[in-house]
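Student: My structure is below; once you've seen it, I'll send some questions.
The values are calculated or read from the model by the stated rules, or taken from the named source; none is laboratory data. Just so we're clear, the structure is a prediction, and the values are computed from it rather than from any experiment. Backbone-built Cβ (ideal geometry, glycine too); neighbour counts: all protein chains shown. Side chains included, ligands, DNA and RNA excluded: accessible areas come from the protein's heavy atoms. Shrake-Rupley method; radii C 1.70, N 1.55, O 1.52, S 1.80 Å.
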Amino acid sequence: QLQAYGGGLVPPGGSLRLSCAASGRTFSNYAVGWFRQAPGKDREFVSATERSSTSTYFEDSVKGRFTVSRDNAANTVHLQMNNLKPEDTAVYYCAAGTASGPTRLRLFRYYPYWGQGTLVTVSS
């Protein structure tokens, strides 16, 4: 079971840290992805970290603003979001799976386990 949390309302240029906690699974054995869905839009890829944590991939619009870190002891993955923009407003989901590689990890069908989503609103 995955639980995503940490969303909220933040002004443009602000920061938020989302967290994804796993229970019943050892997170370090899974690739972890972040996806988001804005109102009226399809779910889109944000970021993914390989099981080994050797590689992390980002959607182009968040490169240089978002980072990912793992806390294996806490079985948690964090998505640090800086310099947030109104277009980052969405429900953010974390997901876990055993696929690998930048092509597969950008596709939500390769993640069998999903958290419930946390809302991020960027607005003044």
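Student: Working only within the range 1-29, note down all residues that are assigned to a helix (DSSP H, G or I) and either among the small types (Gly, Ala, Ser) or open to solvent by 40 Å² or more (accessible area, probe 1.4 Å) (or both). Break it down into steps so the answer makes sense when it comes.
Tutor: As a first pass, look at the range 1-29 and keep what is assigned to a helix (DSSP H, G or I): 27-29.
Residues satisfying the conditions are Ser28, Asn29.
Student: Just checking, how many residues over the range 58-73 are open to solvent by 40 Å² or more (accessible area, probe 1.4 Å) and either in contact with a strand residue (DSSP E or B) (Cβ under 6 Å, 6 or more places away or on another chain) or modelled with pLDDT of 95 or more (or both)? Don't jump to the end; show me each part of the working.
Tutor: Taking the range 58-73 and keeping what is open to solvent by 40 Å² or more (accessible area, probe 1.4 Å), we get 59-61, 63-64, 67, 69-73.
From the residues that got through so far, the ones that are either in contact with a strand residue (DSSP E or B) (Cβ under 6 Å, 6 or more places away or on another chain) or modelled with pLDDT of 95 or more (or both) too are 59-61, 63-64, 67, 69-70.
Adding up the residues that qualify gives 8.
Student: Looking only at the range 30-50, which residues are assigned to a loop (DSSP other than H, G, I, E, B), under 14 Å from the mean Cα position of the chain (by Cα) and charged (D, E, K, R)?
Tutor: Result: Arg43, Glu50.
Student: To continue, here is another question. Could you check how many residues of the range 39-50 are touching a Phe, Trp or Tyr at 6+ places or on another chain (Cβ under 9 Å) and either surrounded by fewer than 17 Cβ atoms within 10 Å (Cβ to Cβ) or farther than 17 Å from Asn29 by Cβ (or both)? First the steps, then the outcome.
Tutor: We begin by selecting, within the range 39-50, every residue touching a Phe, Trp or Tyr at 6+ places or on another chain (Cβ under 9 Å); these are 43-50.
Checking the rest, the ones that are also either surrounded by fewer than 17 Cβ atoms within 10 Å (Cβ to Cβ) or farther than 17 Å from Asn29 by Cβ (or both) come to 43-47.
Of the residues in the range 39-50, 5 are touching a Phe, Trp or Tyr at 6+ places or on another chain (Cβ under 9 Å) and either surrounded by fewer than 17 Cβ atoms within 10 Å (Cβ to Cβ) or farther than 17 Å from Asn29 by Cβ (or both).
Student: Could you list, ordered by first residue, the pairs with Cβ atoms under 7 Å in which the first is in the range 78-96 and part of a loop (DSSP other than H, G, I, E, B) and the second is open to solvent by 10 Å² or more (accessible area, probe 1.4 Å) and basic (Lys, Arg), at least 6 apart or interchain?
Tutor: Sorted first by the residue in the range 78-96, then by its partner, the pairs are Asn82/Arg65; Asn83/Arg65.
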